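Student: The structure under discussion is supplied below as structure tokens; questions concerning it will follow.
The values are calculated or read from the model by the stated rules, or taken from the named source; none is laboratory data. Nothing here was measured: the structure is a model prediction, and the numbers come from that model. With ideal geometry, Cβ positions are generated from the backbone for all residues, glycine too; neighbour counts draw on all protein chains shown. Surface accessibility is based on the protein's heavy atoms, side chains included, excluding ligands, DNA and RNA. Shrake-Rupley method; radii C 1.70, N 1.55, O 1.52, S 1.80 Å.
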Amino acid sequence: MKFEDLLLEIGGFGRFQILILFVLCLARINLPMHFLLHSFLAATPSHHCAIPHQEAFVNLTMEEILLISIPREPDGTFRSCEMFSQPQFHLLLNSSLQPENDSVIQNCQHGWVYDHSQFTSTISTQWDLVCEQRGLNQATATFFFIGVTIGAVVFGYLSDRFDTLIWRLFLQGFSFNDKAFTNLPFPGEVLCVPAERCLPLAGMEWVDIEHRTFSGVLTSIFWSIGNMLLALIAYLVREWHWLLVAVTGPCLLSIIYLMTGPNLSRVSCLDLERTAAELFPSFHLSQALRMITTDKKPGESYSYISLFRTPVLRKISLCSGAVFGVAFSYYGMSMKLTGFGLNMYLSQFVFGIIEIPAKMIVYVLVNRIGRRQSQAWSLILTGLCIGANIIIPKSSLVQTMSIAITGKGLSEAAFTTVFLYTSELYPTVLRQNGMGYTSFTARIGGALAPLVFLLDDVWRSLPEVTYCGVAVCCGSVAFLLPETLNQHLSDYCTAFQKLQSIGLQPTKKKTSNKKQSVNCTKKV
């Protein structure tokens with residue numbers, strides 16, 4: 001018997017699971033606002049070189065001043081990063097004339113003038129992170145993901161070694177009195193990385209096999225709701241300082257979880273204790289539960305190195321790490337909100353709302369064709385959609401937007417699947433380390449995604465080609481992973497089986513509609 005069977009003995013999916021999912025869903029809403037805030041915080045509005053005042057400009061309109069001071073692109077728009085070294089007054093007579101030579105064109109010398117119709121201020125307009133400094137603007141998103149990457153490694157290790165949410169909720173409630181349990185610290189839950197990774201994982205580990213996919217998809221849907229709310233908040237708050245405050249403020253709600261989360265576990269603990277008392281009257285539940293987690297040699301510990309110690313784990317770790325292309329393609333598409341004929345706010349909202357039907361489709365597919373096929377094909381099709389938009393003319397806005405929306409939905413489907421899939425690939429004692437490792441590789445993809453936009457200086461379509469190639473290659477690697485559909489989460493044999501091995505037999509056994517028998521002899 002495994003942990004999922006123990007959950008089935010108390011009903012599998014009850015009040016405690018509903019309460020936990022409710023809390024987790026609320027916490028998930030705020031997370032995408034941080035991960036995608038860069039799109040609005042560092043947005044670059046249209047701009048041109050600042051033109052110093054001259055006496056010769058007194059009788060000229062602003063349009064005429066721009067005409068003689070700034071060269072134009074072939075489509076007629078003014079260049080953003082160049083200006084004439086001297087006013088070209090002859091252009092007033094014939095604006096179609098071109099400069100006689102490029103020597104009269106230079107980079108901006110007096111700063112820039114920005115269009116404030118869409119944004120009151122951004123970090124780009126405040127610190128002039130445009131033109132030659134454009135790389136620093138994209139690097140702000142990279143710095144964020146580097147911080148998340150470090151957090152994924154650190155908290156993945158700490159969660160398993162010291163302060164694992166799952167087993168602390170499970171064991172501490174029986175080892176201490178209520179007052180001591182309620183006041184136990186959960187510092188990791190206040191931070192972004194554990195909230196993004198540990199809390200959804202908690203929801204999945206606390207439910208039975210039948211509801212595991214439902215739990216993963218449900219919490220993921222609230223990520224999409226957060227995407228849509230980000231569009232609304234950014235539309236209402238156009239100044240970047242206050243936008244940052246508006247997005248960060250709700251993080252204080254995590255304190256509510258810090259205070260109430262441990263209390264929720266007592267609902268399930270009481271049910272478990274009553275069930276265990278009926279099945280094994282002579283054995284205390286806390287001892288049984290400890291057997292679940294102490295099936296390892298004294299002093300034995302697990303680290304990230306453990307993910308590569310056996311051939312099976314080594315293959316899983318290498319292949320699951322290669323699907324960093326999920327985050328690479330997802331954030332590459334999410335941060336490109338222009339060029340589709342819609343303003344940034346509407347594009348963000350549409351990209352958010354399309355994720356919800358994508359998750360609904362994932363809920364069906366992962367239970368029909370399996371996790372592996374869903375993961376591989378959703379990522380491959382994402383890359384093909386990105387590649388298709390390279391071929392389609394930019395003037396075909398309807399086709400471009402339609403394919404972009406389809407690709408965004410597929411990228412979210414890949415992201416939803418990978419979160420469910422990778423959590424099922426590792427045994428319990430390695431699950432947080434495994435999730436920390438895959439989150440680490442995913443954040444590397446997220447950190448590289450904004451920098452790829454800078455490749456358009458080499459070739460205009462090179463960023464899209466890069467996103468396409470990485471998505472297709474990483475999707476192909478997913479075919480090498482094992483299938484986990486309807487499989488128990490890798491775990492050690494439960495205490496109940498150990499009780500039977502020492503001669504204690506259940507006095508009664510409830511029937512349950514288990515989908516398959518448990519094989520505790522299988523080694524990872």
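Student: Which order do the peptides 326-337, 131-142 take when ranked by the mean count of other beta-carbon atoms within 10 Å per residue, highest first?
Tutor: 326-337, 131-142
Student: How many nm is it between the label spots at Phe57 and Leu318, if each spot is 7 Å from the Cα in line with the beta carbon?
Tutor: 6.2 nm
Student: How do the peptides 309-318, 383-392 rank, highest first, by the average count of neighbouring beta carbon atoms within 10 Å per residue? List each step's numbers first, then the result.
Tutor: Details: 309-318: 15.0, 383-392: 19.3.
Per-residue mean Cβ counts within 10 Å order the peptides as 383-392, 309-318.
Student: For Arg79 paired with Val245, estimate the spin-label separation in nm (one decimal), with each label point 7 Å from Cα along the Cα-to-Cβ line.
Tutor: That separation, rounded to one decimal, is 4.1 nm.
Student: Separate question: Based on the mean of other beta carbon atoms within 10 Å per residue, what is the order of 436-444, 365-373, most packed first? Don't skip to the end; give the middle numbers.
Tutor: On the way: 436-444: 24.4, 365-373: 17.9.
Packing proxy ranking, top to bottom: 436-444, 365-373.
Student: Against the empirical 2.2 N^0.38 Å scaling, what ratio does the C-alpha Rg of the stretch 305-396 come to? Present the calculation step by step, with values, prior to reporting the outcome.
Tutor: Details: Rg = 16.9 Å, N = 92, 2.2 N^0.38 = 12.3 Å.
It is 1.38.
Student: For Glu483 and Met360, what is the calculated FRET efficiency with R₀ set at 25 Å and r taken between the beta-carbons, to the nearest 0.05? Provide the component values of the computation, followed by the final result.
Tutor: Details: r = 22 Å, r/R0 = 0.87.
After rounding to 0.05, the efficiency reads 0.70.
Student: Here's something else I'd like to know. Calculate the FRET efficiency for Leu232 and Leu97 from the Cβ-Cβ distance with a Förster distance of 35 Å, rounded to the nearest 0.05. Show your work: numbers first, answer last.
Tutor: Numbers: r = 47 Å, r/R0 = 1.34.
With R0 = 35 Å, the Cβ-Cβ based efficiency is 0.15.
Student: A further question on this structure: How large a share of the accessible area of the stretch 17-118, in percent, is made up of carbon and sulfur atoms when the probe is 1.4 Å and the other protein chains stay in place?
Tutor: Numbers: 2990 of 5490 Å².
Its accessible area is 54 percent carbon and sulfur atoms.
Student: Another question, if that's okay. Can you grab the distance from the C-alpha centre of the stretch 377-447 to the C-alpha centre of the stretch 47-61, Å, no decimals?
Tutor: If we compute the Cα centre of each part, the gap is 48 Å.
Student: Moving on. Per residue, how much accessible area does the stretch 330-385 show when a 1.4 Å probe rolls over the protein heavy atoms, in square angstrom?
Tutor: Numbers: 2250 Å² over 56 residues.
Per-residue accessible area for the stretch 330-385 comes out at 40 Å².
Student: Over the stretch 348-473, what percent of the accessible surface lies on carbon and sulfur atoms, probe 1.4 Å? Write out the running numbers ahead of the final one.
Tutor: Numbers: 3520 of 4730 Å².
In the stretch 348-473, the share of accessible area belonging to carbon and sulfur is 74 percent.
Student: On to the next question. Of Leu379, Ser402, Asn343, which is farthest along the charge dipole of the stretch 339-480 in the positive direction, counting Lys and Arg as +1 and Asp and Glu as -1 at C-beta?
Tutor: Leu379
Student: Right, something else. Pull out the extension gain between Asn343 and Glu64, defined as 0.36 nm times the separation in residues minus the alpha carbon to alpha carbon distance; nm, one decimal. Please list the in-between numbers first.
Tutor: Numbers: separation 279, 0.36 × 279 = 100.44 nm, distance 2.79 nm.
The Asn343-Glu64 span can extend by a further 97.7 nm.
Student: Now for a separate question. If you add up the charges near His38, with Lys and Arg at +1 and Asp and Glu at -1, over every other residue whose beta carbon is less than 15 angstrom from its beta carbon, what do you get? The partial results should precede the final answer.
Tutor: Details: positive: Arg134, Lys336, Arg443; negative: none.
Net charge in that neighbourhood comes out at +3.
Student: Next question, about the same structure. Work out, step by step, the length gained on full extension between Leu454 and Gln126: first 0.36 nm times the residue separation, then minus their alpha carbon distance; give nm to one decimal. Write out the running numbers ahead of the final one.
Tutor: On the way: separation 328, 0.36 × 328 = 118.08 nm, distance 2.06 nm.
Separation in residues times 0.36 nm, less the Cα-Cα distance, equals 116.0 nm.
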